[in-house]
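This report concerns only the one structure given below.
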Amino acid sequence: MEGAAFWAAAVVASVLVGMSKGGLPVVGMLGVPVLALVISPVTAAGLLLPVYVLSDLFGLYAYRHDFDRRVLAILMPGMVAGVAVGWATASLVPEWAVTALVGAIGFVFALNLVLRGRRVVGQRRAEVAPGLFWGALAGFTSFVSHSGAPPYQVYTLPLGLSKTVFAGTSTIAFAFVNAVKLIPYWHLGQLSVANLKVAVLLMPVAAAAVFVGVRLVKWLPEALFFRLVTWALLILSCKLLWDGVTGGLA
């Protein structure tokens with residue numbers, strides 16, 4: 001983990017992580033793929049987890065008044081269950097299969113939104129059973145590759161939340177799941193001392209990027225914000241689907 005190429009990729013990944021915690025969902029999913037250009041994906045995921053956790057603290061402060069309590073209360077138990085399943089099956093489930101599954105789900109959902117348009121009028125009630133299911137899937141995929149955003153958004157986008165509540169709820173939900181992931185990641189040896197030393201150097205970059213993300217959320221018109229979220233989800237889902245399929249074939 002040295003050289004100009006590594007540090008350039010690490011800084012870009014940290015900026016993406018920080019901006020995602022500032023309320024720009026999905027972009028954080030690019031962190032691991034960017035860093036995986038220069039190191040192994042497993043090492044990249046372990047290295048970035050402390051960066052996620054520190055960025056979460058700044059995101060929690062920024063959105064401390066903007067979140068949906070019911071949505072969080074429904075999602076969090078499912079997320080814990082998903083992380084537990086991911087931990088228990090870490091040596092059994094191939095990463096390419098999870099990557100392809102996340103990509104397929106996000107692709108179908110985002111494509112449907114693009115074709116139909118986002119026609120949510122008013123706020124819908126968050127239902128428990130779907131929330132537990134999508135929360136569990138988000139927790140599982142977040143554990144495997146920090147890619148919990150597509151399942152999470154499948155559940156939350158149709159609820160008609162305002163952009164700041166949507167951003168704040170996302171930030172709090174994934175701050176929670178990242179904290180839960182610390183123990184299994186440590187147990188699996190993905191939080192090495194070397195990783196932590198590098199993560200400490202990247203944390204200031206990610207922290208500054210959090211507030212850049214917050215400013216962008218406040219500046220973007222709400223319709224444009226959700227349009228960008230949808231298209232980002234579609235593009236990233238295509239990338240994940242491609243990575244999963246090619247990984248399986250390899």
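Every number in this text was worked out from the coordinates using simple rules, so none of it is lab data. All values reported here derive from a predicted model rather than from experimental measurement. Backbone-built Cβ (ideal geometry, glycine too); neighbour counts: all protein chains shown.
A few notes on this one:
- In this rough spin-label picture, where each label sits 7 Å from Cα along the Cβ direction, the V128-I235 distance is 4.0 nm.
- Residues whose amide H falls under 5 Å from that of G160, counting only those 5 or more places apart or on a different chain, are R124, with hydrogens built in the peptide plane.
- Ranking of R124, R227, R116 by count of other Cβ atoms within 10 Å, fewest first: R116, R124, R227
- Rounded to the nearest 10 degrees, the angle from helix 4-21 to the longest Cα principal axis of the chain is 30 degrees.
- Rounded Å value of the spacing that divides the Cα centres of region 128-176 and region 187-250: 14
- Over the residues of the chain, the helix contribution to mean residue ellipticity at 222 nm works out to -26500 deg cm²/dmol, using -39500 (n - 2.57) for each DSSP H run of at least 4.
- Fewest-first ranking of W186, W219, using other Cβ atoms within 10 Å as the exposure measure: W219, W186
- Helix axis angle, 69-88 relative to the chain longest principal axis, alpha carbon, degrees: 30
- Calculated FRET efficiency, V11 to R116, Cβ-Cβ distance, R0 = 41 Å: about 0.60 to the nearest 0.05.
- Distance between modelled label sites at L228 and L37, nm, 7 Å Cα→Cβ extension: 2.1
- Kirkwood's formula applied to the C-alpha pairs of region 133-250 gives a hydrodynamic radius of 16.3 angstrom.
- All lysines inside 17 Å of K239 as judged from Cα atoms, apart from same-chain residues fewer than 8 positions distant: none
- In terms of packing, defined here as the mean over residues of other Cβ atoms within 10 angstrom, the peptides 45-53, 70-78 line up highest first as 45-53, 70-78.
- Straight-distance candidates among the lysines for linking to K218, with alpha-carbon spacing under 25 Å and chain neighbours fewer than 8 residues away dropped: K21, K163.
- With Cα atoms, 0 to 90° folded angle of helix 41-62 axis to the chain main axis: 50
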